Amino acid sequence: MSRFITFEGVDGAGKSTHLAWFADALRGRGLDVVVTREPGGTRLGEQLREMVLNQPMGMGTEALLMFASRIEHVEQVIRPALLSGKCVISDRFTDASFAYQGGGRGMEWERLRELEQWVGIRPDLTLFFDVPIEVARMRLSNNVALDRFEKEEGEFFERVRAGYHRRVTEDPSRFEVIDAAQSLDEVKRQLASIAGNIG
Ligand code: TYD
């Protein structure tokens, strides 16, 4: 059964760790799973990622590069995989643009909605790893090399988190909200039960 699943959360929520585990759980259920990420996911997308994470730029450029990477990703990777019956899990997708560029940077929600129309597809299911910003910041403090977003202030991340909450409110049936402040084992238990309903 083809399905498009995305993982979202503020930096430091722990989503990437859980993503690998979740993908294996789905494989264990016999699904053919493609794991990918944004920005990135294609050769060109990875080059755009390098730029957008490290070079200073204005808010509009940042948003358009995120969407450029996304449109390439949908055309080259996501849509073909779904059409061939695979399950696709992406580490971030359009919700991240609403949260970071909309919530964090203050870009108009309506403008982002227009870009979303252009992308054309929405995930069937989004796992949102929600965590208080102090906890996320503490986890990030172990990282040596921080990118342009990770270097932002706590206030920025509060706005990003609020952006995610707004997305959840706008389309609640698509989301599973996971309390990422829990222990890894607790989160895994929750993920196992979600995986059990897929396929
Ligand atoms: P992230 O997914 O956290 O990767 P890593 O785990 O390697 O740090 O990093 C991607 C960063 O890009 C993250 O800070 C959020 C940001 N981002 C946006 O601002 N807008 C977007 O649309 C996407 C996809 C990501």
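The values are calculated or read from the model by the stated rules, or taken from the named source; none is laboratory data. Quick caveat, the model's predicted, so the values are computed rather than measured. FYI the Cβ positions are ideal-geometry reconstructions off the backbone, even for glycines, and counts take in every protein chain you see. Areas reflect the complete protein model, heavy atoms only, side chains present, ligands, DNA and RNA absent. Shrake-Rupley method; radii C 1.70, N 1.55, O 1.52, S 1.80 Å.
Descriptive notes on the structure:
- Rg over Rh [alpha-carbon atoms, Kirkwood Rh] for the chain: 0.94
- For the chain, carbon and sulfur atoms together expose 50% of the accessible surface, with a 1.4 angstrom probe and every protein chain in place.
- Estimated vicinal HN-Hα couplings, Hz - region 119-130 in sequence order (Karplus 6.51, -1.76, 1.60; Gly, Pro = x): 4, x, 10, 10, x, 7, 8, 10, 9, 9, 8, 9
- Alpha-carbon centroids, region 88-135 and region 164-195: separation in whole Å: 15 Å
- The residues of the chain present an accessible area of 48 Å² per residue when probed at 1.4 Å with all protein chains retained.
- For LYS86, a cut-off of 20 angstrom between C-alpha atoms picks up these aspartates and glutamates, skipping any fewer than 8 places away in its own chain: ASP24, ASP32, GLU38, GLU72, GLU75, ASP124.
- For region 181-189, the Karplus equation 6.51 cos²θ - 1.76 cosθ + 1.60, evaluated at θ = phi - 60°, returns couplings of 7, 5, 5, 4, 5, 4, 4, 4, 4 Hz by residue, with Gly and Pro reported as x.
- For region 97-102, Karplus couplings with θ = phi - 60° (6.51, -1.76, 1.60), whole Hz, Gly/Pro x: 5, 5, 5, 7, 7, x
- Percent RCO, i.e. relative contact order, over region 116-199, from Cα pairs under 8 Å lying at least 6 residues apart: 46 percent
- Listed by chain and number, the lysines placed with their C-alpha closer than 24 angstrom to that of LYS151 are LYS15; residues fewer than eight positions away on the same chain are left out.
- If you look at the Cα atoms of region 4-68, you get an Rg and a Dmax of 14.4, 44 Å.
- Based on C-alpha pairs under 8 angstrom that are at least 6 apart in sequence, region 4-195 has a relative contact order of 33 percent.
- Filtered GluC sites (Glu not before Pro), region 67-128: DSSP coil and at most 14 other beta carbons within 10 Å: GLU108
- Computed [θ] at 222 nm, deg cm²/dmol, the chain (DSSP H ≥ 4; -39,500 (n - 2.57); rounded to nearest 500): -14500 deg cm²/dmol
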